[in-house]
Amino acid sequence: LSTFILGIWGGFFGPGFGALSVVLLVFFGFTFIYSAAVSRVIGVLMSGVAMIVFAQHGFINYLYGVTLGAGFAIGSWIGINIALKKGDNYVRGLLTFVIIITALKLILNFFNIKIL
């Protein structure tokens, strides 16, 4: 049931799907690195389906798409090498930090509070 609901979230909204899927898989007992890997595979499949639908309707700017894809590929390559070297505890701490900062930003934006 939770995976189904998460799939609906990812299909309709997109942002946050990766982090939520990692948290869900960790909740069910998987390691952070394994959870991140599985959520990326799911994300690639969802993105592939979305790309086919958008391409059929002519909604893709291919120059932006190739540039964005290259950036994701390079960032992923660097990130996975760091994660594998530093281990599961590092990934857990980093994910926790990113979630806290993101939640804080969303709360501040909701109350229209500008820090910088």
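The values are calculated or read from the model by the stated rules, or taken from the named source; none is laboratory data. This structure is a prediction, so every number in the text was calculated from the model and none was measured. Neighbour counts are summed over all protein chains in view; Cβ atoms, including those assigned to glycine, are modelled from backbone coordinates with ideal geometry. For the accessible areas, the whole protein counts, side chains as well, though only heavy atoms, and no ligand, DNA or RNA atoms are used. Shrake-Rupley method; radii C 1.70, N 1.55, O 1.52, S 1.80 Å.
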Checklist entry - Which whole-number percent is the relative contact order of the chain (Cα, under 8 Å, 6+ apart)? => result 22
Item to check | segment 13-94: C-alpha gyration tensor shape, a/c 1.5 cut-off, then a/b vs b/c | outcome: oblate
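Can you give the accessible area per residue of the chain, in Å², using a 1.4 Å probe?
Values: 9250 Å² over 116 residues.
Accessible area per residue: 80 Å².
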Next on the checklist: I'd like the carbon and sulfur percentage of the solvent accessible area for the chain, probe radius 1.4 Å, heavy atoms only, ligands and nucleic acids excluded.
Outcome noted: 78
Checklist entry - How much length is gained if the chain between Ser47 and Lys85 is pulled fully straight, taking 0.36 nm per residue apart and subtracting their Cα-Cα distance, in nm to one decimal? => result 10.9 nm
Checklist entry - Which helices pass in the chain if a helix is a full DSSP H run, must span at least 30 angstrom along its long axis by Cα, and must have mean Kyte-Doolittle hydropathy not below 0.0? => result 32-56, 62-86, 88-110
Checklist entry - Which chymotrypsin sites (Phe, Trp or Tyr not before Pro) in segment 20-57 pass both tests, a DSSP loop state and at most 14 other beta-carbon atoms within 10 Å? => result Phe28
